[in-house]
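Chemist: For reference, the structure I am asking about is given below.
None of the figures in this text is laboratory data; all of them are computed from the coordinates on show. Please read these numbers as outputs of a predicted model, since none were measured by experiment. Positions of Cβ are backbone-derived with ideal geometry, glycine not excepted, and every protein chain shown enters the neighbour counts.
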Amino acid sequence: MLKEIEKLLSFDGNETPINPQYLRYFTIEELESIKTALQKRRQNMVEENFEWLLGFKKDV
């Protein structure tokens, strides 16, 4: 799950490493919640970028 969260935090293909020692401060449920929130945030970013692109194409 740590690798999945690192990948969701990545930007431009550069993964953000997370110190595995931090895992002891979270429950599995908390990590799953973090992962879900990051997935939603990424999906929203994709949708916003797509909407911007459509708007840009209309202006051209």
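Chemist: Only residues in segment 23-47 that are surrounded by fewer than 10 Cβ atoms within 10 Å (Cβ to Cβ) count as the first member; pair them with residues that are aliphatic (A, V, I, L, M), Cβ under 9 angstrom, at least 6 apart or cross-chain, and list the lot.
Modeler: If the second residue must be aliphatic (A, V, I, L, M), the pairs left are 28/1.
Chemist: Could you check segment 21-60 and list, in sequence order, the residues that are hydrophobic (A, V, I, L, M, F, W, C), in a helix (DSSP H, G or I) and within 20 Å of the chain's Cα centre (by Cα)? Spell out the reasoning first.
Modeler: Residues of segment 21-60 hydrophobic (A, V, I, L, M, F, W, C): 23, 26, 28, 31, 34, 37-38, 45-46, 50, 52-54, 56, 60.
If we keep only those that are in a helix (DSSP H, G or I) as well, we get 23, 28, 31, 34, 37-38, 45-46, 50, 52-54, 56.
Once the filter is applied, which keeps residues that are hydrophobic (A, V, I, L, M, F, W, C), in a helix (DSSP H, G or I) and within 20 Å of the chain's Cα centre (by Cα), segment 21-60 yields 23, 28, 31, 34, 37, 38, 45, 46, 50, 52.
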